[in-house]
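Heads up: the structure comes next, in structure tokens.
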Amino acid sequence: MSRKFLSSLLRTCTSHSTTSQCHAQTLLQSLLPNVILETDLLLSYTKLGLINHARKLFDRMPQRNMHSWNIMIASYTHSSIYFDALTVFEGFKQCRLLPDRYTLPPLFKISIGIGDSWFGWMCHCLVIKLGYGEVVVVNNSVLEFYVKCGTMSQALSVFNNHNAPRDSVTWNLMISGFGKAGLYSDAVHCFREMLKHQNGIELDYMTLPSILSVCGKEGDLLKVKEVHGFSVRNFGFDAHAPIANALIDNYGKCGSLKDSENIFKTVSCANLVTWTAMISCYGMHGKGEESVFLFEKMINEGFRPNAVTLTAILSSCSHSGLLDQGKKIFDSMISDYGFEPTAEHYTCMVDLFGRCGCLEEALQLLERMNPLSVTGSMWGALLAGCAMHKNVEIGEIAAHHLFQLEPNNTSNYVTLCRIYQSRGMTRDVSTVKAKMKGLGLVKTPGCSWINIAGREYKFHQGDLSHPLSHMIFQILYEISNTQLSTNDLGIGYLLHDDDTFVMAL
């Protein structure tokens, strides 16, 4: 076989045996060393996930080109073996080579993977110095670095660079970055700007789950419906699975369970995420029995739950107090589904036991675990259960552990105070408050908000700054003293454009 034929075969082969046979032929025919053949072998091994084979070959290469260095750096990065990727890059620098447009994107992923911001900033300096800022893939890698590091001011600076190109990935990164940073209005504004500047940009359906997630976190049902309408106009009623899944999830978060159900019933490309999203929606709306029914139906349809699905169904059981069903699913995780329970699963079970008043059983579950594996969220769930059932003894145990794990978490001290107050233990309340004062901890006031006609209204505990606060509290007082069933009457509250507060029956 000639070198040209072997090279062509290696670039198209998809099996380990073919690659190994080609490698054997190169050795039998003494065709090595040859940088082109060796690089093709490298690429073939890495595409098959045989990164150790590739590394052995790479280390024996007497001569390496840019492509061979880039293959090794990218392969280690893709496999999340970041420190080996860094080792290869160090060798690359020792050869006095300069990164190209293919070297740089994996370097930013390495920086994100190892949590080294300095390395990412150094790579950004290289991008500017070498003039690769106008290459869209490189620019997106810089943007992703700043977004995932949470430095949105730097990300915005890169995004607003007039010379920097943009594609759908660029816009997706900014929208998701704003959403993760809690800048929901900026995320929505960015989405609308993207629609205005769509020239030459093919709309990516993955943009919609990002903006839907933002709308869901904001609790803005109208915006979810707006994005849904946009999806129908651009992708039709038979939406891609990620869009359908995001719609189910975020309609549920905005309180519109009926819309979630309608999407679930009509989606033709349902996958495990679709089922999990609907199970979670039923759970957050207190419909645990529907969650369990859907979970069992999913199993019968041939879907195998993953760790996220199991968290969703256990959480649903917890919110609805379905103790027997929750215990059955938890106990069958290893035998039926092959999953060792994670911290999230244990937290759900502690919460379930706590809500049902089985506080001793919840404590025993935590005491059976490795002490190093018990997290603050588990003890927090137990403390919340003790507050619900006014259990001082177990509440003090949970609080003691939380004070060690989360010494500056004010809510733990406040919850213990609530337990003492419920039992009339005023001296113990004073002791906890004195400890809080000594630690410099201050209780954060409770806050509620509502979004009406695109305007957000916030109400803090004890805050009388709203111009109509007197009327608001008067109506709330009247509601609290009116014996009406919410099953029989729907009550809505609206702030008109002139800020008139009304109650509609």
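The values are calculated or read from the model by the stated rules, or taken from the named source; none is laboratory data. Since the model is a prediction, treat every value here as computed from it, not as a measurement. Positions of Cβ are backbone-derived with ideal geometry, glycine not excepted, and every protein chain shown enters the neighbour counts. The area values use the complete protein model at the heavy-atom level, side chains included, leaving out ligands, DNA and RNA. Shrake-Rupley method; radii C 1.70, N 1.55, O 1.52, S 1.80 Å.
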Inset, instruction - Kindly write out, for region 244-256 in residue order, the coupling ³J(HN,Hα) from the Karplus curve 6.51 cos²θ - 1.76 cosθ + 1.60 (θ = phi - 60°), rounded to whole Hz, with x marking Gly and Pro. - result: 4, 4, 5, 5, 4, 4, 7, 4, x, 5, 8, x, 9
Inset, instruction - Report the accessible area of Val267, computed with a 1.4 Å probe over the heavy atoms of all protein chains in place, in Å² rounded to the nearest 10. - result: 30 Å²
Inset, instruction - Using R₀ = 60 Å, calculate the FRET efficiency as 1/(1 + (r/R₀)^6) where r is the Cβ-Cβ separation of Arg60 and Leu372; round to 0.05. - result: 0.90
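What is the ratio of the Cα radius of gyration of region 57-110 to 2.2 N^0.38 Å, with N the residue count, to two decimals? Walk me through the numbers on the way to the answer.
Working: Rg = 10.2 Å, N = 54, 2.2 N^0.38 = 10.0 Å.
Dividing the Cα radius of gyration by 2.2 N^0.38 Å gives 1.02.
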Inset, instruction - Identify which of the listed values of Cα extents along the principal axes in Å was calculated from the structure shown: (1) 110, 51, 45; (2) 91, 57, 54; (3) 78, 47, 45. - result: (2)
Legend entry - 14 Å beta-carbon shell around Gly115, net charge (K/R +1, D/E -1): +1
Legend entry - Accessible-area ranking of Asp40, Asp428, largest first, probe 1.4 Å: Asp428, Asp40
Inset, instruction - Could you tell me which of the pairs Lys180/Lys458; Lys180/Lys217; Lys180/Lys253 are separated by over 18 angstrom between their Cα atoms in the structure shown? - result: Lys180/Lys458
Legend entry - region 325-399 - percent of accessible surface contributed by carbon and sulfur, probe 1.4 Å: 51 percent
Inset, instruction - Heavy atoms only, probe 1.4 Å: what % of the accessible area of region 179-317 goes to carbon and sulfur, would you let me know? - result: 52 percent
Legend entry - Fraction of accessible area attributable to carbon and sulfur, region 12-79 (%, probe 1.4 Å): 54 percent
Legend entry - 0 to 90° range, to nearest 10: angle between helix 117-130 axis and the chain longest Cα axis: 50 degrees
Inset, instruction - Could you order Leu32, Leu208 by accessible surface area, starting with the largest, using a probe radius of 1.4 Å? - result: Leu32, Leu208
Legend entry - Probe 1.4 Å, accessible area per residue of the chain, Å²: 54 Å²
Legend entry - Formal net charge of residues neighbouring Thr170 (Cβ-Cβ distance under 11 Å; K, R +1; D, E -1): -2
Inset, instruction - Return the FRET efficiency for the residue pair Ser465, Tyr205: r is the Cβ-Cβ distance, R0 is 45 Å, and the value is rounded to the nearest 0.05. - result: 0.55
Legend entry - Sparsely packed chymotrypsin sites (Phe, Trp or Tyr not before Pro) within region 211-255, loop by DSSP, other Cβ within 10 Å at most 12: Phe237
Inset, instruction - Note down the nm distance, to one decimal, between modelled labels 7 Å out along Cα→Cβ at Thr266 and at Val308. - result: 2.4 nm
Inset, instruction - Give the calculated FRET efficiency between His197 and Lys458 to the nearest 0.05, with a Förster radius of 41 Å applied to their Cβ-Cβ distance. - result: 0.80
Legend entry - Note, ³J(HN,Hα) from phi for region 290-300, Karplus 6.51, -1.76, 1.60, rounded to Hz, x at Gly and Pro: 5, 4, 5, 4, 5, 4, 5, 5, 4, 4, 5
